[in-house]
């Protein structure tokens, strides 16, 4: 018996502080904003009447309910199962087999800090978006013991190998820090994270443009000698607004990155990958490495400039808890070696998709452009016809997009890369496939191409516009790998 | 990461792999078309009745001949639409098929967008047989095979065939009945 299982085998209650956090959690679900609005609406314009009696009643009820739900909530470890009993009105006994647990997330919210407690969220593959078990407040020791226990149990490989796997002691890999982010890293991450997003904020300003220009003393329609000067100031004003908005958004991004990612550490503890971060609320997400379904690597042009990328490691039911922004090439390789076994890694993605893809993507925006410029040209001003020239760069964009679309497959792994400016690369072992489809729409049928989709327990790898025989070959290869590669997929 | 010792990992030529050919797909029961037809007829009849009633009410209040013309046009449109829908249903029935191999189950479907979806038995989480009132009266069952990443739906199976297929999938995928 390990110290962890010994600790957890006793029946535990949440911390004595838990009722407070239960109430806060319940109020948060109701929405503080709504409650405030109700209070204001009910309370405005008159002195409190006799109905004020409701307030102490509600408080007493809330307190009673939270204490009762604290008292009823117990958890313990029994024979590889986490047993949770809970419920205020109807009692519930939940049995969570440790090996079904997909991820254990520890979160220390701001209010948890003074009392040195944490919240534990336990997810299983079966729980659709709603956590199976939430322990509102407990000590970090217990929380981390649960994390380790959930990560250490290994799912059996198949009926024929159960015994041999069970007999082997699991090698204990010492914990190691894989990546950390210093404050200066965080600034870099924030600055390279889509700074142009700020332009979206400008869109509503366009509606106010006239008033704004009036206020600035600029008249757009004036046709006297001043018009040139006015036009200059107009450009200047727009420029100032654009720069200011981008500046504000970048500043907000830096602040937000510091709040969420401060002290970001990704570490490996045995077979568990853990990520911790947060300035106010400390969050710790962890998952058994073998449960990571695929690896997703995103890179914006600015990130490419500083050779950063964002890595996401989805596990079943949890798309984005394990996320590492600002990763270097070395860190990427470390994480890739952990999550995609070396024999399933795909090197250079040299395979390409069919030429017809470019026309498929081009035709709808092109049609919109043609119709738009013709209508505007005939009805408003002939100059709009020159918009048709945009068809040329549009075509080149989609053609480059098609040329850059790369994929590769080995006997045990599949990877794709797409995008011209911002790129995304996805890699997964073929045995992670849950469902494989070959789809042909009308356009693809005319060109004899098809789309292959390999769906994993969280996410999918999709390759469009392969020659039909190639697509079917890829599908057959994935299915073959699910049969021969018997390492666990979950 | 446990590493089973007996994984062969030789380079493969695609042509050596077992393939899913178009000829092997099993068609579903033709009564599935009847089920579709009943739904189609019921919908079309409701829409028709509603349109005629509306045209009649309008004709009482405003110019009768215009309302009658528009009403007739709408009725014609509904009939043509229903006929097209019927042809589509028939085409989709002839495309709908399933294929069971040693290690996986596939469904082929779709008229305009054609797709073949496959779930390996080793990834099946559960199998569910579904029968709505209409399906019950026709002796049909839909089988839903679910994995951790998407599911397959095979509608229009004869009850006995669905039961046999369900047992086959359970048997092949080694799911405990108790798990269901």
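State which residue pairs qualify: first residue without any contact (Cβ under 8 Å) to a residue 12 or more places away in the chain and inside the stretch A:444-473, second residue surrounded by fewer than 19 Cβ atoms within 10 Å (Cβ to Cβ) in any location, beta carbons under 6 Å apart, and separation of 6 or more residues or different chains.
Between residues of the stretch A:444-473 that are without any contact (Cβ under 8 Å) to a residue 12 or more places away in the chain and residues that are surrounded by fewer than 19 Cβ atoms within 10 Å (Cβ to Cβ), the close pairs are A:473/B:14.
In this structure, does residue A:271 turn out to be more than 14 Å from chain B (Cβ to nearest Cβ) and closer than 19 Å to residue A:336 by Cα?
Here the answer is no, as residue A:271 does not meet what is asked.
When both residues are 6+ apart or on different chains and their Cβ atoms are under 6 Å apart, which pairs have a first residue that lies in the stretch B:95-113 and is without any contact (Cβ under 8 Å) to a residue 12 or more places away in the chain, and a second that is outside any strand (DSSP E or B) and surrounded by 15 or more Cβ atoms within 10 Å (Cβ to Cβ)?
Cβ pairs passing all conditions: B:113/A:441.
Considering only the stretch B:129-171, state which residues are part of a helix (DSSP H, G or I) and exposed (fewer than 14 other Cβ atoms within 10 Å of the Cβ). Can you show your working first?
We begin by selecting, within the stretch B:129-171, every residue part of a helix (DSSP H, G or I); these are B:133-138, B:159-171.
Selection gives B:133, B:136, B:137, B:160, B:164, B:167, B:171.
Return the residues of the stretch A:447-458 that are more than 8 Å from chain B (Cβ to nearest Cβ) and either closer than 15 Å to residue B:115 by Cα or in contact with a strand residue (DSSP E or B) (Cβ under 7 Å, 6 or more places away or on another chain) (or both); say none if nothing qualifies.
First pass over the stretch A:447-458, keeping only residues more than 8 Å from chain B (Cβ to nearest Cβ): A:447-454.
Within the stretch A:447-458, A:448, A:449, A:450, A:451, A:452, A:453, A:454 qualify.
Go through the stretch A:349-359 and report how many residues are assigned to a loop (DSSP other than H, G, I, E, B) and in contact with a strand residue (DSSP E or B) (Cβ under 7 Å, 6 or more places away or on another chain).
Residues of the stretch A:349-359 that are assigned to a loop (DSSP other than H, G, I, E, B), as a first pass: A:349-350, A:353-355.
Then drop every residue that is not in contact with a strand residue (DSSP E or B) (Cβ under 7 Å, 6 or more places away or on another chain), which leaves A:349-350, A:353-354.
Number satisfying all stated conditions: 4.
State whether the residues of the stretch A:57-65 include one that is touching a strand residue (DSSP E or B) at 6+ places or on another chain (Cβ under 9 Å) and either touching a residue at least 60 places away in the same chain (Cβ under 8 Å) or surrounded by 13 or more Cβ atoms within 10 Å (Cβ to Cβ) (or both). Working first, answer last.
Keep residues of the stretch A:57-65 that are touching a strand residue (DSSP E or B) at 6+ places or on another chain (Cβ under 9 Å), which gives none.
No, that holds for no residue.
Being within 21 Å of residue A:356 (Cα to Cα), in contact with a helix residue (DSSP H, G or I) (Cβ under 7 Å, 6 or more places away or on another chain) and surrounded by fewer than 19 Cβ atoms within 10 Å (Cβ to Cβ) is the filter here, so list the residues in the stretch A:376-400 that pass it.
A:390, A:391, A:394, A:395, A:399
Does the stretch B:25-44 contain any residue that is within 14 Å of another protein chain (Cβ to nearest Cβ) and modelled with pLDDT under 90? Give the derivation first.
Residues of the stretch B:25-44 that are within 14 Å of another protein chain (Cβ to nearest Cβ), as a first pass: B:25.
Going one step further and asking which of them are modelled with pLDDT under 90, we end up with B:25.
The answer is yes; a qualifying residue exists.
Only one of A:304, A:363 is farther than 18 Å from residue A:176 by Cβ, assigned to a helix (DSSP H, G or I), touching a strand residue (DSSP E or B) at 6+ places or on another chain (Cβ under 9 Å) and more than 14 Å from every other protein chain (Cβ to nearest Cβ). Can you tell me which?
Values: A:363 fails: touching a strand residue (DSSP E or B) at 6+ places or on another chain (Cβ under 9 Å).
Exactly one of A:304, A:363 is farther than 18 Å from residue A:176 by Cβ, assigned to a helix (DSSP H, G or I), touching a strand residue (DSSP E or B) at 6+ places or on another chain (Cβ under 9 Å) and more than 14 Å from every other protein chain (Cβ to nearest Cβ), namely A:304.
For the stretch B:102-110, state whether one or more residues are surrounded by fewer than 17 Cβ atoms within 10 Å (Cβ to Cβ) and more than 9 Å from chain A (Cβ to nearest Cβ).
Looking for residues that are surrounded by fewer than 17 Cβ atoms within 10 Å (Cβ to Cβ) and more than 9 Å from chain A (Cβ to nearest Cβ), one finds none in the stretch B:102-110, hence no.
Restricting attention to the stretch A:470-479, which residues are surrounded by 20 or more Cβ atoms within 10 Å (Cβ to Cβ) and out of contact with any helix residue (DSSP H, G or I) (no Cβ under 7 Å at 6 or more places or on another chain)?
Within the stretch A:470-479, A:471, A:472, A:474, A:475, A:479 qualify.
Filter the stretch A:406-436 for residues that are within 14 Å of chain B (Cβ to nearest Cβ) and assigned to a loop (DSSP other than H, G, I, E, B) and give the result.
Result: A:410, A:411, A:412, A:433, A:434.
Of all residues in the stretch B:102-115, count the ones that are touching a helix residue (DSSP H, G or I) at 6+ places or on another chain (Cβ under 8 Å) and in a strand (DSSP E or B).
5
The values are calculated or read from the model by the stated rules, or taken from the named source; none is laboratory data. Computed from a predicted structure; not experimentally measured. Using ideal geometry, Cβ is built from the backbone for each residue, glycine included, and neighbour counts are taken over all protein chains shown.
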